[in-house]
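Engineer: This structure is in structure tokens; I'll ask about it shortly.
We did not get these values from a lab; they are worked out from the coordinates using the rules stated. What you see is a predicted model, and the numbers here were worked out from it, not measured in a lab. Note: ideal-geometry Cβ built from the backbone for every residue, glycine included; neighbour counts use all protein chains shown.
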Amino acid sequence: MNPRLTEMHSDSVFSFRTGEIVQRLLSLALIVIGLTSCVGSRPAHIESSVHTGSNVAYGSSHSIWSSTGQLIVRTFITSSSAYGFTTVYRSDDKIGAYEAWSFGKKYRFVKGGNVRRGCRGCSATELGAVFMSDSDFNSAAVNGFEFELRGRSGDVTGHIPARAFSEVLGLQAKLDATSGNMPGHDPAEQNPESIAPDETEPAS
């Protein structure tokens, strides 16, 4: 096969799989917006799609309060070996988050858009997802994770407790088993190297 065609096919597969993951993660973030104000956080669990064959293990949500608003995070691991956490930031005015950092290391941050409820005085909500390597995720399960979201109009710093990561790692064996049993799922077709986000890549 023409090397260029092979490269184009690889890029297409990467874009499709990454887009699918982000879409599912941010869909969950939207659900968090509607639920966190009225019910307790849902415990760690696995969500599966019989249509795409994808599976995602989610942790329970954790709230981080800043002087300007509230940040809700939820850790995740996908069946395509992507690790990280979703972010839902609620405040009177959006900060335009576009980067994620932790002690000098830049992490890939994917913006998911903004939501503002149609009423005067309602808060603005910004969605996003931070992607981590599996080694950083495992380290965070022991030490927790301190980070900063940089925005065009302000920054938000926070700490995610170790249990937020360890509870998702506790579902990994079940996640792998569930993925292997999904109709049409072929583990050989999933290349962890092709789906793992490059943490040195400029933020989207």
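Engineer: Taking H placed 1.01 Å from N in the peptide plane, check which residues at least 5 places from GLU99 or on another chain put their amide H under 5 Å from its amide H.
Structural biologist: The list, which skips near neighbours in sequence, is ARG150.
Engineer: Using amide H atoms built in the peptide plane, which far-off residues or other-chain residues are under 5 Å from ALA124 H to H?
Structural biologist: Placed amide hydrogens put SER91, ASP92, ASP93 under 5 Å from ALA124.
Engineer: Another one. Per-residue counts of other Cβ atoms within 10 Å, averaged by peptide: what ranking do you get for 88-96, 48-56, 72-80, highest first?
Structural biologist: Details: 88-96: 18.1, 48-56: 16.0, 72-80: 23.8.
Descending mean neighbour count gives 72-80, 88-96, 48-56.
Engineer: Follow-up. Work out, step by step, the length gained on full extension between HIS45 and GLN70: first 0.36 nm times the residue separation, then minus their alpha carbon distance; give nm to one decimal.
Structural biologist: 6.7 nm
Engineer: Rounded to the nearest 0.05, what FRET efficiency do LYS105 and SER153 give with R0 = 22 Å and r taken as the Cβ-Cβ distance? Could you check? It would help to have the intermediate numbers written out before the result.
Structural biologist: Working: r = 23 Å, r/R0 = 1.07.
Taking R0 as 22 Å, the efficiency between LYS105 and SER153 is 0.40.
Engineer: So between ARG163 and ASP93, what do we pick up on full extension, going 0.36 nm a residue minus the alpha carbon distance?
Structural biologist: Taking 0.36 nm per residue and subtracting the Cα distance, the gain is 22.1 nm.
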